[in-house]
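Participant: Structure in structure tokens, see below.
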């Protein structure tokens with residue numbers, strides 16, 4: 001794959017994840033009904049929703065800044081790991097449980113396609 005194609009594919013992957021995570025964070029901040037239901041189903045108190053939304057928005061913002069994107073990816077990987085643990089704890093279906101892993105993979109693939117140093121560190125993204 002050419003460098004230009006890799007760069008744009010990485011940007012597209014990262015953009016998709018950023019849009020999804022931003023939407024999820026905003027839904028938590030406004031306490032959308034599906035978010036309230038999902039949070040209760042996962043066993044988290046309603047009072048924690050806004051904090052979780054702010055945390056997700058901060059981590060996503062750190063990921064968007066080019067100089068801090070790797071640190072943001074590490075933070076988001078931890079956040080998404082917690083989401084996986086919450087889904088496993090309540091016995092959710094496989095797709096719901098693995099979706100955060102898919103998102104985390106897209107986060108790192110997006111960086112790996114744009115940054116040769118990260119690609120060398122974690123292996124080829126594609």
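Participant: Only one of 53, 78 is at pLDDT 95 or above and under 10 Å from the mean Cα position of the chain (by Cα); which?
Facilitator: Every option except 78 fails the conditions.
Participant: Can you tell me which residue among 27, 32 is closer than 18 Å to residue 99 by Cα and surrounded by 14 or more Cβ atoms within 10 Å (Cβ to Cβ)?
Facilitator: 27
Participant: Name every residue in the range 1-36 that is under 11 Å from residue 110 (Cβ atoms) and within 15 Å of the chain's Cα centre (by Cα), in order of residue number.
Facilitator: If the condition is that a residue be under 11 Å from residue 110 (Cβ atoms) and within 15 Å of the chain's Cα centre (by Cα), then 10, 11, 12, 13, 14, 15, 16, 17, 18 are the ones that fit.
Participant: Quick one: in the range 103-118, which of the residues that are more than 17 Å from the chain's Cα centre (by Cα) and surrounded by fewer than 19 Cβ atoms within 10 Å (Cβ to Cβ) is farthest from residue 74 (Cα to Cα)?
Facilitator: 116
The values are calculated or read from the model by the stated rules, or taken from the named source; none is laboratory data. Since the structure is predicted, the reported quantities are computational estimates derived from the model, not experimental observations. A quick note on method: Cβ atoms are made from the backbone with ideal geometry, for glycine too, and the neighbour counts reach across all protein chains shown.
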